[in-house]
Amino acid sequence: MEASGARCWSADASIVVAIDMSGQQAALSALAATQERFGRFAEAVDEAVFVIDAARDQALFANRRFELVLGVRADEFLQDPGCAWRYLTETDRARVDELLHAALGHGHQETDVHVALPDGRLRVVRLRFFPARLGSAEIYCLAEDVTDIRDMAERRLQDAIRQKDTLVREVHHRIKNNLQGVAGLLQQIGQRKPEVAGVMSEVIGQVQAIAQVYGL
């Protein structure tokens, strides 16, 4: 029955709403595939790879290298992200917290920290933070043990310092010998020419003093 342009529905009438979910399902499938590829990549690299949310209070991922590099079990980290920095010094923990915050606003951040592992080893670990915004903000993190690299660089530096010191000592030794040779020549001149013997004696004294300085 219709009245005044209005339509009346019977009591047993129903409304059916159809929503096309194909686009959302495709997006979810693509996201799942991306996460799977990321997981395979993270397990294949030598670095510890982990992901935390922007608030830094939720751990989203950690690969198998996590414990080897940072000394904390991955499952423990996923339960409590704050434990990742357990074996860092207080100063390093403060710096890491600052860089994590800075990564969200300024992009890639990097620092080296010292990790005192439970087995007594002291390692140098390079941390890299990369912000990403996939739905909600996240921070992708890499932790690389660079202890051997740093030790090798330190050995090369010490070798270079020793080589430089050896070269400087050799140069000074030769200069000292040459100055002593000059003093000997001046002394011979003074002996042959008594009229300049007094001046020569003064000059010889100055040359020998310089030679002694180089000898030190």
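The values are calculated or read from the model by the stated rules, or taken from the named source; none is laboratory data. No experiment lies behind these values; they were computed from the predicted model shown. Please note: Cβ atoms are built from the backbone with ideal geometry, for glycine as well, and neighbour counts cover all protein chains shown. To get the accessible areas, we keep the full protein, side chains included, count just its heavy atoms, and leave off ligands, DNA and RNA. Shrake-Rupley method; radii C 1.70, N 1.55, O 1.52, S 1.80 Å.
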note = Averaged per residue, the 1.4 Å probe accessible area of region 82-124, protein heavy atoms only, in Å², is roughly 57 Å²
ask   = Cβ under 10 Å from F66's Cβ, F66 left aside: what net charge do those residues give with Lys, Arg +1 and Asp, Glu -1?
value = -1
task = Please report, as a whole percent, how much of the solvent-accessible surface of region 128-216 comes from carbon and sulfur atoms (probe radius 1.4 Å).
result = 56 percent
inquiry  = Ignoring ligands, DNA and RNA, please state the percent of accessible area on region 61-122 from carbon and sulfur, probe 1.4 Å.
reply    = 49 percent
task = Work out the length of the dipole vector of region 79-216 about its Cα centre, built from +1 on the beta-carbon of each Lys and Arg and -1 on the beta-carbon of each Asp and Glu, and round it to the nearest 20 debye.
result = 760 debye
inquiry  = What does the charge count around T147 come to, taking other residues whose C-beta lies under 14 Å from its C-beta (Lys +1, Arg +1, Asp -1, Glu -1)?
reply    = -4
request  = Quote the FRET efficiency, to the nearest 0.05, computed for F130 versus Q158 with a Förster distance R0 of 30 Å and r equal to the Cβ-Cβ distance.
outcome  = 0.30
key: Ranking by accessible area, most exposed first, for R56, R150, R162 with a 1.4 Å probe   = R162, R150, R56
note = Percent relative contact order for region 70-145, counting Cα pairs under 8 Å at least six residues apart, stands at 24 percent
query = How large is the dipole of region 135-202 about the Cα centre if only Lys and Arg carry +1 and Asp and Glu carry -1, each at its Cβ, rounded to the nearest 20 debye?
reply = 800 debye
query = Considering only protein heavy atoms, what is the solvent-accessible area of L186 at a probe of 1.4 Å, reported in Å² to the nearest 10?
reply = 30 Å²
task = Could you point to the residue in A197, I161, T91 farthest towards the positive end of region 77-216's charge dipole, with +1 and -1 charges on the Cβ of Lys/Arg and Asp/Glu respectively?
result = A197
ask   = Tell me, what is the FRET efficiency for H101 and R37 to the nearest 0.05, using R0 = 30 angstrom and their Cβ-Cβ distance as r?
value = 0.55
Point-charge dipole on Cβ atoms (K/R +1, D/E -1) for region 73-150, about Cα centre, debye to 20 = 120 debye
